[in-house]
Amino acid sequence: MRPSFRAGLTAAVVLALASCTATPGLDPDDPDQVEVFTWWATGTEKVGLDALVDVFAAQHPDIRFVNATVAGGAGSNAKTVLAQRLVAGDPPDTFQAHAGAELTDYIEAGQLSDLGEFYAEHGLDAVFPASLIELLTVDGAIYSVPANIHRANVVWAGTEVLRAAGIDPAAPRLDLDAWIADLRRLRSAGVAVPLALGTEWTQLQLFETVLLADLGADGYSGLWTGETPWDHPGVAAAVEHYDELLDYVNSDFAGLDWDTATQLVVNGHAGYIVMGDWAEVAFAQAGWTYGDEYTTFPVPGTAGVFDFLADSFVLTADAPHEAAALKWLETISSVEGQQAFNLAKGSIPARTDVDASAYPAYQQTALASYAEDVIVSSLAHGAAADTAWVTAIQDAVSRFGTDRDIPVLLRSLQSAAAANLGG
Ligand code: GAL
């Protein structure tokens with residue numbers, strides 16, 4: 001292909017990409033607006049974003065919030081669109097990114113601006129936990145502002161369905177085998193879906209919690225550093241357990257996002273779901289009372305461990321509205337912003353100086369666990385491993401949902417680790 005023709009084609013592709021992702025209402029030349037990119041597009045997640053936008057409007061009434069959202073839980077669609085925009089040189093001013101390895105991907109690609117001065121100006125080093133700051137920092141520079149802390153290793157249960165099957169909702173389940181015995185009882189009692197499951201990333205999230213149960217916190221954390229080999233017997237045990245769990249899920253799981261899968265518990269079709277604590281809002285919106293109509297417990301085998309993730313917001317390199325984007329980050333980092341957002345989102349504040357007594361019953365359990373328990377990084381939500389590795393594991397786990405071939409899954413996990421740890 002002649003170079004000039006290739007250049008013309010590339011420009012055309014870039015333009016086409018830019019035009020198909022153009023955000024309504026966005027004017028790159030108007031300094032008093034900020035384009036904020038998230039996947040909190042609908043339902044309970046939009047409620048969380050709306051709460052932030054309300055605080056932003058009160059704190060910065062002169063700046064217009066321009067909403068760039070792409071629906072799909074855990075950023076399943078948003079991350080692809082964002083990558084296209086970043087490559088095309090069409091960055092939003094700020095976007096949602098998980099603290100940890102996922103953030104490092106963007107940092108290494110030079111797509112983010114250092115927020116060191118912003119942190120110093122607002123005294124933020126003193127108000128976020130040191131362990132969280134570490135996940136946002138690379139080579140002494142800090143690249144994003146955390147909005148919340150979510151817990152991933154949570155089982156949510158509808159108590160009426162459990163009681164009808166003779167299961168005491170409050171009884172401790174010490175390990176996965178005890179919990180699988182419960183699933184069997186639900187099935188025998190005629191419950192159609194003992195365990196609700198959804199699309200690929202929800203499968204990955206369930207799988208990570210099973211790895212955590214069978215390897216323990218240190219063993220699980222060692223998977224991401226190379227300290228725990230992927231041919232460890234705990235990994236094989238986890239795959240066996242995961243295979244057993246799949247015997248109890250809804251057959252249409254591949255087509256359901258987290259919110260629809262969670263509704264199976266809310267409407268009484270399912271007994272349990274493993275979901276991050278954004279699910280709290282679905283139970284609260286149903287009018288259910290914690291400890292009465294629904295309850296939660298750590299995935300059996302993971303008590304004493306907080307499987308952590310945090311949403312954070314960045315300033316993109318070459319953000320068209322940099323000054324306005326910094327105002328958005330001010331709202332994210334403020335006590336008022338954190339309080340309004342986390343009360344509406346099911347998460348707990350990243351700031352340590354926010355009034356914790358305001359939080360309802362479920363979030364009190366998360367606050368206590370985050371303060372006392374061992375903290376590990378979530379795989380499905382970008383904290384533990386970079387995007388390439390997450391994608392490789394997610395593809396293997398999702399294929400397993402269809403072929404249930406244990407040796408193939410084990411081999412895929414091992415080769416994904418070899419490719420990503422360079423071993
Ligand atoms: C996570 C995100 C949460 C929630 C969830 C479901 O990755 O951190 O805030 O949005 O996905 O979409």
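Numbers for the structure displayed
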{"item": "So SER333, is it away from the ligand (no atom under 16 Å from the Cβ), closer than 21 Å to PRO129 by Cα and modelled with pLDDT of 95 or more", "result": "yes"}
{"item": "Residue match in the stretch 403-413 (condition: in contact with a strand residue (DSSP E or B) (Cβ under 8 Å, 6 or more places away or on another chain), open to solvent by less than 10 Å² (accessible area, probe 1.4 Å) and either outside any helix (DSSP H, G or I) or over 21 Å from GLY72 (Cβ atoms) (or both))", "result": "no"}
{"item": "Lone unmet requirement of (1) free of Cβ contacts under 8 Å to residues at least 24 places away in the same chain; (2) of a type in the set (Ser, Thr, Tyr); (3) assigned to a loop (DSSP other than H, G, I, E, B) for SER357", "result": "(3)"}
{"item": "Tally, over the stretch 332-379, of residues that are open to solvent by 10 Å² or more (accessible area, probe 1.4 Å) and hydrophobic (A, V, I, L, M, F, W, C)", "result": "13"}
{"item": "Residues located in the stretch 369-400, provided they are within 17 Å of ALA217 (Cβ to Cβ) and assigned to a helix (DSSP H, G or I)", "result": "SER369, TYR370, ALA371, GLU372"}
{"item": "Residue check, SER357 more than 28 Å from ASN67 (Cβ to Cβ) and within 16 Å of the ligand (Cβ to nearest atom)", "result": "no"}
{"item": "Per-region count, the stretch 154-193, residues in a loop (DSSP other than H, G, I, E, B), under 13 Å from PRO298 (Cβ atoms) and not acidic (Asp, Glu)", "result": "3"}
{"item": "Lone qualifier among GLY255, GLY268, GLY276 - being in contact with a helix residue (DSSP H, G or I) (Cβ under 9 Å, 6 or more places away or on another chain), away from the ligand (no atom under 13 Å from the Cβ) and not hydrophobic (A, V, I, L, M, F, W, C)", "result": "GLY268"}
{"item": "Options LEU410, LEU367; residue that is hydrophobic (A, V, I, L, M, F, W, C) and without any contact (Cβ under 8 Å) to a residue 60 or more places away in the chain", "result": "LEU367"}
{"item": "Residues located in the stretch 89-109, provided they are in a helix (DSSP H, G or I), out of contact with any Leu (no Cβ under 6 Å at 6 or more places or on another chain) and not acidic (Asp, Glu)", "result": "ALA101, LEU103, THR104, ILE107"}
{"item": "Tally, over the stretch 64-82, of residues that are open to solvent by 30 Å² or more (accessible area, probe 1.4 Å) and more than 16 Å from the ligand (Cβ to nearest atom)", "result": "2"}
{"item": "Every residue from the stretch 142-158 that is among the hydrophobic types (A, V, I, L, M, F, W, C) and open to solvent by less than 10 Å² (accessible area, probe 1.4 Å)", "result": "VAL145, ALA147, ILE149, ALA152, VAL154, VAL155, TRP156, ALA157"}
{"item": "Single residue of ALA319, ALA286, ALA310 found to be buried (at least 22 other Cβ atoms within 10 Å of the Cβ), in contact with a helix residue (DSSP H, G or I) (Cβ under 8 Å, 6 or more places away or on another chain) and among the aliphatic types (A, V, I, L, M)", "result": "ALA310"}
{"item": "Top-ranked residue in the stretch 15-42 [being modelled with pLDDT of 95 or more and outside any loop (DSSP other than H, G, I, E, B); ranked as nearest to the ligand (Cβ to nearest atom)]", "result": "THR38"}
{"item": "The stretch 110-139: number of residues that are part of a loop (DSSP other than H, G, I, E, B), open to solvent by 40 Å² or more (accessible area, probe 1.4 Å) and closer than 21 Å to TRP224 by Cα", "result": "1"}
{"item": "Some residue of the stretch 68-85 being among the hydrophobic types (A, V, I, L, M, F, W, C), touching a Phe, Trp or Tyr at 6+ places or on another chain (Cβ under 8 Å) and in a loop (DSSP other than H, G, I, E, B)", "result": "yes"}
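The values are calculated or read from the model by the stated rules, or taken from the named source; none is laboratory data. Source: prediction; values computed, not measured. All Cβ positions, even for glycine, are placed from backbone atoms using ideal geometry, and neighbour counts span all protein chains on display. What goes into the accessible areas is simple: the full protein's heavy atoms, side chains included, and nothing from ligands, DNA or RNA. Shrake-Rupley method; radii C 1.70, N 1.55, O 1.52, S 1.80 Å.
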